[in-house]
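The values are calculated or read from the model by the stated rules, or taken from the named source; none is laboratory data. Model, not experiment: these values are computed from the prediction. Note that each Cβ is placed from the backbone with ideal geometry, even for glycine, and that neighbours are counted across all protein chains shown.
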């Protein structure tokens, strides 16, 4: 039996316990991220929001990879369902697109969850990377796909600027 993961790793990997919510812990983590981002954008100037989302996503990636690694080792699972910091990072990447209206947040949520679930090439291949790197980077790629489609939607006027 493996020893438990350090508390910091469990709190980070589960995004303060959200990874234990059922059903669909990844969807819960994405939804909470969307709500938190919406609240944050009330205080962050519009011009700084893309950079803020990018920096928060990088922070989630940088802390999430070692945290996910620790929890995966402790649970003896390649990709434990309770690890949702990867969804937080991927969802934040989607929100690098502006604006932060309810329409764009909802579209970003739907696009990210869709790409995260379907895992189109090469997203699924990233899962093969070792430990936390594979756990987190496949969701980063799903977030990049969703970000691309968000920008296409903005360009073609599907979302108001």
| In the range 120-160, which residues are at positive phi and modelled with pLDDT of 95 or more? | 131
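One line per residue, one yes/no per condition, for (1) without any contact (Cβ under 8 Å) to a residue 24 or more places away in the chain; (2) on the phi > 0 side of the Ramachandran plot; (3) in contact with a strand residue (DSSP E or B) (Cβ under 6 Å, 6 or more places away or on another chain):
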{"residue": "10", "(1), (2), (3)": "no, no, no"}
{"residue": "16", "(1), (2), (3)": "yes, yes, no"}
{"residue": "27", "(1), (2), (3)": "no, no, no"}
{"residue": "39", "(1), (2), (3)": "yes, no, no"}
| Listed residues 5, 54, 48, 72; which is part of a helix (DSSP H, G or I) and more than 25 Å from residue 96 (Cα to Cα)? | 72
| field | Hey, residue 33 in a helix (DSSP H, G or I), in contact with a helix residue (DSSP H, G or I) (Cβ under 8 Å, 6 or more places away or on another chain), farther than 22 Å from residue 105 by Cα and at pLDDT 95 or above or not | value | no
| Which of the residues that make up the range 8-30 are part of a helix (DSSP H, G or I) and under 15 Å from residue 112 (Cα atoms)? | 25, 26, 27, 28, 29, 30
| message | When the residues of the range 96-118 are narrowed to those that are touching a helix residue (DSSP H, G or I) at 6+ places or on another chain (Cβ under 9 Å) and not in a helix (DSSP H, G or I), which ends up farthest from residue 157 (Cα to Cα)? | response | 96
| query | Looking at 66, 4, 45, which is the one that is over 17 Å from the mean Cα position of the chain (by Cα), touching a residue at least 60 places away in the same chain (Cβ under 8 Å) and either closer than 28 Å to residue 154 by Cα or surrounded by fewer than 20 Cβ atoms within 10 Å (Cβ to Cβ) (or both)? | reply | 4
| Residue that is nearest to residue 69 (Cα to Cα) [pool: residues in the range 119-136 that are without any contact (Cβ under 8 Å) to a residue 24 or more places away in the chain and assigned to a helix (DSSP H, G or I)] | 126
| message | I'd like to verify a number: residues in the range 48-63 that are surrounded by fewer than 20 Cβ atoms within 10 Å (Cβ to Cβ) and under 14 Å from the mean Cα position of the chain (by Cα), how many? | response | 6
| Going by the conditions given, is residue 88 touching a helix residue (DSSP H, G or I) at 6+ places or on another chain (Cβ under 6 Å), assigned to a helix (DSSP H, G or I) and surrounded by fewer than 21 Cβ atoms within 10 Å (Cβ to Cβ)? | no
